[in-house]
Structures are given as structure tokens and as C-alpha cells.
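K.L.:
First the structure, then my questions, so here it is.
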Amino acid sequence: MKISRIDLWHVKVPLKAPFHPSWIPGFAQTENRFTLVRIATADGAEGWSAAPAMGQERSGLGQLLGPYFLGERADDIVGVRQRIREMGYLGWRCGWLEAACWDLVGRARGVPVWELLGGRGGRVQLYASTGEVRTGQARVDEVLARMEEGFTGVKLRVHADTLDQDIEQLRSTRAGVGDDVILGVDANQGWRVAVVADAPKWDYDRAEAFCKAAADHGLQWVEEPLAMDGYDDLARLRAATTVDLTGGELNNQGLPEFGVMIERGCYDVYQPDAVFTGGIAETLAIARRVEAAGYKYTPHTWTNGIGFAINLQLYACSKHRDVKLLEYPFDPPGWLPRERDGVLKEPWTHQDGWLDVPTSPGLGFEIDRAALGRYGKHYFTATPVRVAISAVLDKGIATAKALGKVRDKRLADRSAALDAATVDPAQAGLDALGITPLDAA
């Protein structure tokens, strides 16, 4: 399973209508943009992953990724995570790349990733996650439409200038839709963005007043009411309110940072997204830590179809999958399954608010090569020959040859050690993080 080729694309999928994400006030999004990676072995096995992008900011990633990943074994999760950690020393957040290795291993072995992770199949229930701020009858109509489609839960977005305006949305929505639907709300204060228009910044008093109002109007949760690193205030707020506090979707230091949040008691429900929080193994370790501490886990999934697939596989391994709903990004007319899922042959389409956990190998999707040709710009290929030529041009033939010899020996020694071990390398990657199967969690 040695990685022998890496390909990268910039992908831009046009939206049918402009989408105005609540987390970037003033921004009209017209495309779903992401960076797409494919890793492959010499015998044709391949794995895919993706991360959201504003544009082409990862144009130089391939020059780093080739030397770090080529020759590594995709099933050596411990080794892959170490390479990603080393890339992080240079400022690159690349945990999302690890998912491509799990995808490749699952496809090569003919099993879904959730099975490799010790999860289980079946169906999962979803909540409709809105993305735009709406008020008054427009919000009521939206929730009623989602209920008609079979969803039992809907997440609202608030981002008004004043506390009274935000509370009024809660009041009017609950009054307009009744008590038969689960409502949650995302305040988008965890990682405030004010790059286009100014964005309201909540202090503790506003967050507490809002959370108490949310409880009064029967909302089940409030998501990210304060900055994601405001641990003391989050713990204080959780102690002062009865509504569930949720968050943790983008905390980029993975298990160590989540360990601090868990110890402080920042949230009732933790929402790590494997695209951002270190990859699949790291995020499953976070989920197990959350569960062991008596809290709940359900992931953030608002990226693209591949990001949703990654987190769906992890949710299939969750102890709380039968008591918590899974986020389903859906906000017509701008954010629809076909455009959200971009270059997948089949979008993740719900059935009356439910979704079957995929049983096909890997992450459970197939790439639509025609769509990739229309929306993707292939910008980098790494192969051993290409990397060797680049090294010679950069370092000179003698130095490049010496470096290659040392690296080749390390890779050969590592592969031999993995072959001699009695534990499957992918399983060893889980064992190293203390991850137990779902039935033992």
C-alpha cells in the first residue's frame, strides 16, 4: 500500500443561487470551492479527501506533500499522522489528508471505513442545518418546509446587531412552528469572521441572556455562543444555563485542545469536524474521550460532500448516534445537495430526514469524473520520478541522491517492521490513540 502518486485539484462548483453564509456577514457565495486530493498506489488503489477553500490558497501544497507522502504506506496510520504533524510545524493544517488514506485502505480491502473503525451500519437521523440568517415569517416558512420533508430537527442561525433581535427570532420561530420540532441555534461566535462586513461580537452577558432565552423558548441547544478558546467563560456559561451548549468544530490542536475543553466542562455536546481537527483517527479519539467524560458527540459537517462523508463514517462509530441527530447542511435555494456534494456521482440525499450509512468500500462515494473535469482544475501531480527531478534541480544531484538514499532506507525499514508486526497497521493507528470499537466504548 505504498503511495506512489498524489494529485491535487482546485474545485469550484457553481451554486444555483447566491448563498449568504451567516458566519461571513456581507459575503455572497456563488461557488462551492474546495481542494481535492487523490492518493494512489502502483497497483491502482486510490483514496480521496477534500478541504474547503476560499480560492487557490493551497497552490503550493503539492511541493510539500510529495516529499512527505510518497513512499509512505497508506495503511500506516501512525506514520501518516506523524508526517502530517511534521507538515504542521511549517504552518500547514493538513489533518484532512489522513482521510484519503482511510479511504484507500477501505477501498483496497473492500470494506467501509466505519467497519475499519469498529462502528456499525444502519440508518442515522438528521437535522436540517440552515446556513443563512432569516427572520419573521421567512424563517417560520423555512422550518415548516423542512418539517414537511421529514426532518424532526432544524438548526437556526442568528447574527443580528442586537440581543433583542436575536431573541425575537427564537420567539417568532417557536410560535410559528409549534412544539413538535426540535430547534437548535448557532450563534457563530466560536470563530468570528469580519473580513467583509462587521460581525457582532458577543460578550459573556449577551451570551448568558441569549442562552436563557433559548431555554425559555424550548430550544434544545445553542452552538458556539462564545469564542472557541474562551474556556473559562464557556464553562461558566454552561454552569449558568440549562440549554445544552455545543461547539468545538474547528479547534485545530485536536485531542490536546479538546482535552482542555473537556476538563473545563465547556460544552454538553462536542462537534469536532475531522476535516479541521486532525483527521479521522484523531477525531474518533476525541469522541471516545468525550463519551468517557459523560458528554455527547455529534460532528460538524458543513464543508462539502466529501467532508460530510468523512464525518458520517465517524458518526457511525458514535455511542450517541441513536440519541443525537447528525448535521445535514441544507439551505435552499443556494445550498442544495448536488452543489454541496460537488463532484460525487450521487449526492447525500436524505429520506424523510434519515440517511443510510453507506456500505460501499472506503468513505462510501464515487467521484464523478465528468463533473471533476468541468469544475476542477488539476494543478499538481507527484510521482517518485517528478520528485526526484525536482530534488536534483533544487539540491544538485549529489545531495539529492544522498537524501533519497537515507529516506529510502527509512521507508524500507519502517515497512519491514510493519510487515513483521502482529497488529494490522491501520488498527495500530487506532490502538496508539486508545480507541475502542463502538461495542466496547
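Bear in mind these aren't lab numbers, they're just calculated from the coordinates by the rules spelled out. Small disclaimer: the values here were computed from a predicted structure and weren't measured. A quick note on method: Cβ atoms are made from the backbone with ideal geometry, for glycine too, and the neighbour counts reach across all protein chains shown.
K.L.:
What percent does the relative contact order of the stretch 232-271 come to when contacts are Cα pairs within less than 8 Å and at least six residues apart? Mind showing how you got there, number by number?
P.N.:
Numbers: 40 pairs, mean separation 23.1, N = 40.
Answer for the stretch 232-271 is 58 percent.
K.L.:
Starting from the Cα gyration tensor of the stretch 234-370, take the square roots of the eigenvalues, sort them a ≥ b ≥ c, and report rounded, prolate or oblate (rounded when a/c is under 1.5, otherwise prolate if a/b is larger than b/c, else oblate).
P.N.:
On the way: a/c = 2.08, a/b = 1.77, b/c = 1.18.
Here the stretch 234-370 falls in the prolate category.
K.L.:
Same structure, new question: Report, in whole Å, the centroid distance computed from the Cα atoms of the stretch 203-271 and the stretch 55-79.
P.N.:
About 34 Å separates the Cα centre of the stretch 203-271 from the one of the stretch 55-79.
K.L.:
For the charge dipole of the stretch 281-410, defined by +1 on Lys and Arg C-beta atoms and -1 on Asp and Glu C-beta atoms about the Cα centroid, which residue among PHE330, THR301, ALA391 has the Cα displaced farthest towards the positive pole?
P.N.:
Among PHE330, THR301, ALA391, the one farthest towards the positive end of the dipole of the stretch 281-410 is ALA391.
K.L.:
Give, rounded to the nearest 20 debye, the magnitude of the charge dipole that the stretch 116-356 has about its Cα centre when Lys and Arg contribute +1 at Cβ and Asp and Glu contribute -1 at Cβ.
P.N.:
Numbers: 25 positive and 38 negative charges, 128 e Å.
Taking the Cα centre of the stretch 116-356 as origin, the dipole is about 620 debye.
K.L.:
With +1 on each Lys and Arg Cβ and -1 on each Asp and Glu Cβ, how big is the dipole of the chain about its Cα centre, in debye rounded to the nearest 20? Provide the component values of the computation, followed by the final result.
P.N.:
Details: 50 positive and 59 negative charges, 362 e Å.
Result for the chain is approximately 1740 debye, rounded to the nearest 20.
K.L.:
Output the relative contact order of the chain, whole-number percent, from Cα pairs under 8 angstrom with separation of 6+ residues. Show your work: numbers first, answer last.
P.N.:
Numbers: 879 pairs, mean separation 99.5, N = 441.
Normalised by residue count, the contact order of the chain is 23 percent.
K.L.:
Compute the signed sum of charges (Lys and Arg +1, Asp and Glu -1) over the other residues within less than 11 Å, Cβ to Cβ, of PRO18. Could you put the intermediate results ahead of the total?
P.N.:
Details: positive: LYS16; negative: GLU31, GLU132.
That sum, taken over residues with Cβ under 11 Å, equals -1.
K.L.:
Counting pairs of Cα atoms in the stretch 118-158, how many percent are more than 12 Å apart?
P.N.:
Details: 515 of 820 pairs.
That fraction is 63 percent.
K.L.:
Next up: Helix-derived [θ] at 222 nm for the chain: sum -39500 (n - 2.57) over DSSP H runs of at least 4, divide by residue count, nearest 500?
P.N.:
The per-residue figure over the chain is -12000 deg cm²/dmol.
K.L.:
Using a 10 Å cut-off on Cβ atoms, rank the peptides 394-404, 199-209, 154-164 from the highest mean neighbour count down.
P.N.:
Values: 394-404: 12.8, 199-209: 16.6, 154-164: 18.5.
Ranking, from highest mean packing down: 154-164, 199-209, 394-404.
K.L.:
To one decimal place, what Kirkwood hydrodynamic radius in Å is obtained for the stretch 144-228 from all pairs of distinct Cα atoms? The partial results should precede the final answer.
P.N.:
Working: mean 1/r = 0.0746 Å⁻¹.
When all Cα pairs of the stretch 144-228 are included, the Kirkwood radius is 13.4 Å.
K.L.:
Show me 417-424, 250-257 ranked by packing, highest mean number of other Cβ atoms within 10 Å first.
P.N.:
Details: 417-424: 10.9, 250-257: 17.5.
With the highest mean Cβ count within 10 Å placed first, the list reads 250-257, 417-424.
K.L.:
Now for a separate question. With 30 Å as the cut-off, how large is the P(r) tail for the stretch 116-356, expressed as percent of Cα-Cα pairs?
P.N.:
The share of Cα pairs beyond 30 Å in the stretch 116-356 comes to 21 percent.
K.L.:
Rounded, prolate or oblate: which one fits the stretch 324-423, using the alpha carbon gyration tensor with axes a ≥ b ≥ c (rounded when a/c is under 1.5, else prolate when a/b beats b/c, else oblate)?
P.N.:
Numbers: a/c = 3.91, a/b = 1.87, b/c = 2.09.
Oblate.
K.L.:
How large is Rg/Rh for the stretch 1-93, to two decimals, with Cα atoms and a Kirkwood Rh? Mind dumping the intermediate values first?
P.N.:
Numbers: Rg = 16.0 Å, Rh = 15.0 Å.
Checking Rg against Rh, the ratio lands at 1.06.
K.L.:
Find the relative contact order for the stretch 213-335 and round it to a whole percent, using C-alpha pairs within less than 8 Å whose residues are 6+ positions apart.
P.N.:
Values: 187 pairs, mean separation 23.4, N = 123.
Computed value for the stretch 213-335: 19 percent relative contact order.
K.L.:
In addition: Report the net charge of residues surrounding ALA240, where surrounding means a beta-carbon distance below 15 angstrom and charges are Lys +1, Arg +1, Asp -1, Glu -1.
P.N.:
Result for the neighbourhood of ALA240: -3.
K.L.:
Could you tell me which residue out of ALA215, PRO18, GLN427 lies farthest along the dipole of the chain toward its positive end? Charges go on the beta carbon: Lys and Arg +1, Asp and Glu -1, centred on the Cα centre.
P.N.:
The listed residue farthest towards the positive side: GLN427.
K.L.:
Determine the distance separating the Cα centre of the stretch 182-196 from the Cα centre of the stretch 1-36; give it in Å without decimals.
P.N.:
20
K.L.:
Follow-up. At 1.002 mPa s and 20 °C, plugging the Kirkwood radius over alpha-carbon pairs of the chain into Stokes-Einstein gives what diffusion coefficient in µm²/s? Mind dumping the intermediate values first?
P.N.:
Working: Rh = 22.6 Å.
The Stokes-Einstein estimate is 95 µm²/s.
K.L.:
Sticking with this one: Within the set of other residues whose C-beta is less than 13 Å from the C-beta of ARG38, count the net charge using Lys and Arg as +1 and Asp and Glu as -1. Mind showing how you got there, number by number?
P.N.:
Details: positive: ARG5, ARG107, ARG369; negative: ASP7, GLU46, ASP103, GLU366.
Residues near ARG38 contribute -1 overall.
K.L.:
Compute log10 of I(q)/I(0) for the stretch 8-167 with the Debye formula, placing one identical point scatterer on every Cα and leaving out solvent, at q = 0.19, 0.21 Å⁻¹, to two decimals.
P.N.:
-1.18, -1.27
K.L.:
Let me ask something additional. Which cross-chain or sequence-distant (5 or more) residues have an amide H under 5 Å from the amide H of GLN29, H modelled 1.01 Å from N in plane?
P.N.:
Close amide H contacts, sequence-distant or interchain: PHE19, HIS20.
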